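Below is one structure, written out as structure tokens; the observations come after it.
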Amino acid sequence: YKLIILIMHAFGVALEPHQISHFGIDRINPLVLKLAKEKNWQIKLLGHACRTKDQKLQAFVIPQFVSEKNLLHQVQNEYNGVLTQTSFSEKQFFMGKGAGAYPTASAVLSDISALSYDYKYEYKKKTQEKKPVLNNEHFLTVLIGYETNKGIPNSLKLSNIQEQFQNTEYAYTIADVELKNLSEVYLDHNFCVVGMEH
């Protein structure tokens, strides 16, 4: 839902939740957690949205490995972080509390104030003529964690396999997979997926 609001502000595109490919953090298995600990990575649930050169919109939510060099590594507990990049301002990082007594009270007070002054919330880019079109036909580099005896569904059509490991219980493969294929089989299979930092 947060990503949908950000997409409306950034690109003027209104999306429904079911249109966003999203993968949960609840299936992360012990082998993947061990790998993250060994590399000193954190696993964070991140929303991504960007406009490509051919005016396509890429948008998805995925658990992702975050290294110490990434600014999002320091975002903890009730804090939210946003990284933006534009043609002219390059990368910018914003961080602030998204939960807790004072941030919640501030948001409620702001809403009450807006109602009392009949303020209408604006999405300035909503009226622009050229808007990017959502497209799930692009590749992500991901780690797919799974139980060793179950394997990976063939329908994922992995390419550019970079690393594989397995023990008696769990295994993982790091490879490129098309977002469309990942979305189609994820809910029906018991594997975890974690995006690789790029």
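Remarks
- Residue 152 aliphatic (A, V, I, L, M) and either assigned to a loop (DSSP other than H, G, I, E, B) or surrounded by 14 or more Cβ atoms within 10 Å (Cβ to Cβ) (or both): yes
- Within region 89-113, tally of residues that are open to solvent by 80 Å² or more (accessible area, probe 1.4 Å) and in contact with a Pro (Cβ under 8 Å, 6 or more places away or on another chain): 1
- Scoring residue 5 on the criteria (1) of a type in the set (A, V, I, L, M); (2) under 18 Å from residue 58 (Cβ atoms); (3) in contact with a strand residue (DSSP E or B) (Cβ under 9 Å, 6 or more places away or on another chain); (4) in a helix (DSSP H, G or I) leaves a single failure, condition (3).
- In region 121-133 there is no residue that is of a type in the set (A, V, I, L, M), within 21 Å of residue 8 (Cβ to Cβ) and open to solvent by less than 70 Å² (accessible area, probe 1.4 Å).
- Of all the residues in region 62-79, those that are touching a helix residue (DSSP H, G or I) at 6+ places or on another chain (Cβ under 7 Å) and buried (at least 19 other Cβ atoms within 10 Å of the Cβ) number 2.
- Picking from residues in region 146-166 that are among the hydroxyl-bearing types (Ser, Thr, Tyr) and in contact with a strand residue (DSSP E or B) (Cβ under 9 Å, 6 or more places away or on another chain), the one that is nearest to residue 178 (Cα to Cα) is 159.
- All positions within region 155-182 that are touching a residue at least 40 places away in the same chain (Cβ under 8 Å) and either over 25 Å from residue 135 (Cα atoms) or over 20 Å from the mean Cα position of the chain (by Cα) (or both): 165, 167, 169, 170, 171, 172
- Among the residues listed as 105, 114, the single one being in a helix (DSSP H, G or I), among the aliphatic types (A, V, I, L, M), touching a Phe, Trp or Tyr at 6+ places or on another chain (Cβ under 8 Å) and without any contact (Cβ under 8 Å) to a residue 40 or more places away in the chain: 114
- Residue that is nearest to residue 12 (Cα to Cα), among those in region 134-145 that are open to solvent by less than 90 Å² (accessible area, probe 1.4 Å) and part of a strand (DSSP E or B): 134
Okay, residues lined up against (1) open to solvent by less than 80 Å² (accessible area, probe 1.4 Å); (2) modelled with pLDDT under 90; (3) under 30 Å from residue 166 (Cα atoms); (4) within 16 Å of the chain's Cα centre (by Cα):
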site	(1), (2), (3), (4)
14	yes, no, no, no
23	yes, no, yes, yes
26	no, no, yes, yes
31	yes, no, yes, no
58	yes, no, no, yes
81	yes, no, no, yes
84	yes, no, no, yes
115	no, yes, no, no
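The values are calculated or read from the model by the stated rules, or taken from the named source; none is laboratory data. Because the structure is a prediction, the values reported are computed rather than measured. Backbone-built Cβ (ideal geometry, glycine too); neighbour counts: all protein chains shown. Note: areas computed on protein heavy atoms with side chains; ligands, DNA, RNA excluded. Shrake-Rupley method; radii C 1.70, N 1.55, O 1.52, S 1.80 Å.
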